[in-house]
Every structure is written in structure tokens, then in C-alpha cells.
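Written below as C-alpha cells is the structure these notes are about.
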Amino acid sequence: MEELGMNFGHIQTKTLAVLNPLKQIDHHLMDDSDLGGPILFFLLFGTFLLFSGKVHFGYIYGLALLGSTSLHVILSLMSPVETPNSQPAYPQYNEPQEPSQSQHGGHFSTTLTYPRSASVLGYCLLPLVATSLVGIVMPMDTPIGIVMTTAAIMWCTYSASGMFCAVGRMRGMRGLVAYPLGLFYVGFGIMGIFSSRGSGLLTKTTST
């Protein structure tokens, strides 16, 4: 299984990191950038929605592909470019730095690759997978369901923003990173709300 990229030990470690977002995240947590866990979580999400009565596998993988690609480009441009930490002995005689030596964003990050971005987004979907499981037995378009879905979206966003800041070496940018991530997970939250065994409450509200 490890030769196929399925390391269950790493999957367990990253899953626990998502379940405990208040814990300090290790910078090397996503070094292997496996996609086995994310594919499993997206498959479970679609399966639970299928048990609720709706088939959304095409929408799920379409949003996952488009969202992960877009977010990777945005966050890669935001993350700083790593350069050797060398300080001159006489800073008053510094020469202007070349553009390639800039510590600021604007270039594609060398630490944040696309597999790492997709891995972070997939693992942090876990709270919404749990709400989709609840949607099998209860309607999610009720106030309780909406509150649960909103809490799951905030949980996903908080965990993903922390991991991206750790992997991309971004400091003081968590709020800025969390904004596009929140929009990404809102799409899956909407799927979970409207794909559950609805009570018709939202339909009645919109019709009136």
C-alpha cells in the first residue's frame, strides 16, 4: 500500500491534525503530500450524499479540481519565496537585491506544490464529511442543520488556513488565507444542506 501512495500512518496523523486544529501544526506535516486520504474523504462525502438521495459525484470532483487549482495558484503567489538566510557583515554597503532574491510574495512558492495544496484541502474536508453523514438521518435545511454546517465550514477553514500557513511559510496572513478557503468549503456545505432529507423549510421560505 505504501508503494501505491497509501500510508495509513500518515493518513491518521493528518486526520488527527484536522480534528485538533488548536494544536500547533508541524511544518513538515505535508512533506509527503499523499492524496489517498483526500480521495477517500471526497468519496465518503459523495457516498453519504448518495444515501441521502442525491448523486453529486460529478459536482464534488468538479468543484474539488477547479477549487484546488485556483486556490493553489492564489496561495502560491501569496507565499514567500525561500532564499538562503545570509546576512552581510556590513549592512551599510548592501547592494540592491535581485528580484529573484525577494522575500515577498509575487512568485510561485517553492514549498507549496499542487499535490500539497490538494492534500490540505482534502484532509480538511473531514468536518463536512461528518455533517453529510448526519444528513442521512435528519434534514439539514433546518436551523440546527444550518448551524451544524456553518460550524463545520468554519472548522474546515480554520484547519486548512493553519496548514497552508505552515506549509507555505506564511506569517501573519491567516485571515487573508482563510477567506478564499471559506468560499471553497461553502460550496460543499451547500451541497450537504440541499442534498439531505430536506424538511422543505427553505423552499417554503423562498416561496413566500
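In terms of surrounding Cβ atoms within a 10 Å radius of their Cβ, 16, 71, 133, 125 rank from fewest to most as 16, 133, 71, 125. Measuring from centroid to centroid over Cα atoms, what is the spacing of the range 36-66 and the range 162-185 in Å? Result: 23 Å between the Cα centres.
Laboratory data are not the source of any read-out in this text; all were calculated from the coordinates shown. All values derive from a computational prediction rather than experimental measurement. Quick reminder, even Gly has a Cβ in these numbers, built from the backbone with ideal geometry, and neighbours come from all protein chains shown.
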